[in-house]
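Below is one structure, written out as C-alpha cells; the observations come after it.
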Ligand SMILES: *Cc1c(COP(=O)(O)O)cnc(C)c1O
C-alpha cells in the first residue's frame, strides 16, 4: 500500500481547475458511493450523467475484463472488432449512416464543427463559414467548442478565439430566422441545455432550425453529449422531438464510465472527412468500444427506456411534495432522468450550498449554474435508492431553510 492520500493533496499537487468535494470516494456499487471514511452516499449525479448503469456494473465489468484479455489498443492503422460492432449498432439504432469515434464530448463537437466547415468549403466556398450557437449553451472546453458555448466567462480569457461564431437566444425562433443565412455552415444546439440549467428546447424552435438549415444547406448539429444514450427515456433526445439532425455528438453515458465519444452523421456529410482529414489516437479504442457495446445492449431496450420514464415520475412526485412544503423551487424541469430544480428569487445563488448540505446528509447531487439543483442519476437507479436519496434531499432542504 502506498502512503494514504487525502483531500489536502489535491490542493498541493493538482492544478486547481476543479474544486472537488471535501470527501474522496473510494468505491461504489450501483447508485451507492463510499468514501475514505466508510460513509455511504446515494449518487444522484452519476458522474455527471455518465454512469448510466450505475457504478461497477457486472455486465460492463465482464465486457471490460473480457476485452482486456484480448486486445487493448491497436491504433487507427487497423480497425478492430469492438469498434465495428459499435458503429453498426449506433447506425442501426439512429438516423445516422456513419460514425467517427473519439474520447470526449468536446472532441465529438470539435469533429462536428470541423466537418461543417469543410463541407461548406467543399460545396459552397470559403465565405460559408459561420457557426450559429446559443446563449447558455455548453459544448466542451477545447478552444473551438468553448467558443461555441454560450457562456463568455468560460472562453474570454483565452482570446483570440476562433472567428465566425455567432450566439443568439435559445428557443428564439425570430433570432434564428434573422441570423441563419447563406453564410451559415452549421447550427449547434443542445436539445436540452444541460449545464445551462436543464432547459428543454421547444419543438417548434428545433423544427425551425431544421427548416433553416435545409434552406441554406447548413449542418444541423445536435449536441447530445448529455441527453444521449437513454437519459431522456429515448435513446437520443432527437427521437423524442421527432426532428432529425444532420449530426449528433454523443459521449458521457456512451461508455458508462469508460471514456468514449462519437460523432454520428449521414452519408451526405460523412464523405467530407476523407482519409487523413481528421483523427485521434485513441478514437475507437477496443477497450472503450467493448464497454460501449455492453452499455448500448442494456440501454437500448424498450423496457429499460420505459424504466427511465417511470423513475422520472417517482422523482417528480417526490420533488413536488418536497417543494409543496419548502416552497423553494420556482420550476422543476425534466425529461427522463435529467432533472433541474430552479430556485426561486429568495434563494438565488444557493444551489451549491444546498448540494454541500446534501453531501453531509449522504447524497451526491449536481448543480447547473448557481440557481439550479440538477439530478442525473444512473438510469437503473433502484427505486429504494430514489426514496432514500430524496428523503436525504428533503432533510438537506430543511437544514438549509433553518440555517437561513
Ligand atoms: C459534458 C458536455 C460536453 C463536454 O463533454 P466532455 O466529455 O467534458 O468534453 C459537451 N456538450 C454537452 C452538452 C455536455 O453536457
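The values are calculated or read from the model by the stated rules, or taken from the named source; none is laboratory data. As the structure is a prediction and not an experimental result, all values here were calculated from the model. Cβ coordinates were reconstructed from backbone atoms using ideal geometry, including for glycine residues, and neighbour counts include every protein chain displayed.
Remarks
- The set of residues in the stretch 221-234 that are crowded, with 24+ Cβ neighbours inside 10 Å, more than 10 Å from the ligand (Cβ to nearest atom) and over 14 Å from residue 375 (Cα atoms) comprises 221, 229, 230.
- Lone qualifier among 350, 360, 318, 306 - being exposed (fewer than 14 other Cβ atoms within 10 Å of the Cβ) and over 18 Å from the mean Cα position of the chain (by Cα): 306
- Residues of the stretch 39-53 satisfying the condition of being at positive phi, in contact with a helix residue (DSSP H, G or I) (Cβ under 8 Å, 6 or more places away or on another chain) and surrounded by fewer than 24 Cβ atoms within 10 Å (Cβ to Cβ): 48
- Residue check, residue 248 in the same structural domain as residue 114 (by TED's automatic domain parsing) and either within 16 Å of the ligand (Cβ to nearest atom) or in a helix (DSSP H, G or I) (or both): yes
- For the stretch 90-112, the condition of being more than 18 Å from the chain's Cα centre (by Cα), assigned to a helix (DSSP H, G or I), buried (at least 20 other Cβ atoms within 10 Å of the Cβ) and modelled with pLDDT of 95 or more holds for none of the residues.
- In the set (1) away from the ligand (no atom under 16 Å from the Cβ); (2) more than 19 Å from residue 92 (Cα to Cα); (3) touching a helix residue (DSSP H, G or I) at 6+ places or on another chain (Cβ under 6 Å); (4) assigned to a loop (DSSP other than H, G, I, E, B), the condition left unmet by residue 243 is number (2).
- Meets criteria (touching a strand residue (DSSP E or B) at 6+ places or on another chain (Cβ under 7 Å), in the same structural domain as residue 356 (by TED's automatic domain parsing) and in a strand (DSSP E or B)) for residue 42: yes
- Qualifying residue in the stretch 153-168 (condition: part of a helix (DSSP H, G or I), over 20 Å from the mean Cα position of the chain (by Cα) and either within 16 Å of the ligand (Cβ to nearest atom) or touching a residue at least 60 places away in the same chain (Cβ under 8 Å) (or both)): yes
- Residue list for the stretch 171-194, filter: assigned to a loop (DSSP other than H, G, I, E, B) and surrounded by fewer than 23 Cβ atoms within 10 Å (Cβ to Cβ): 171, 172, 181, 182, 183
- Each residue in the stretch 172-195 was checked for being out of contact with any strand residue (DSSP E or B) (no Cβ under 8 Å at 6 or more places or on another chain) and either within 16 Å of the ligand (Cβ to nearest atom) or under 20 Å from residue 109 (Cα atoms) (or both), and 1 pass.
- Test: residue 154 is closer than 20 Å to residue 268 by Cβ and at pLDDT 95 or above: no
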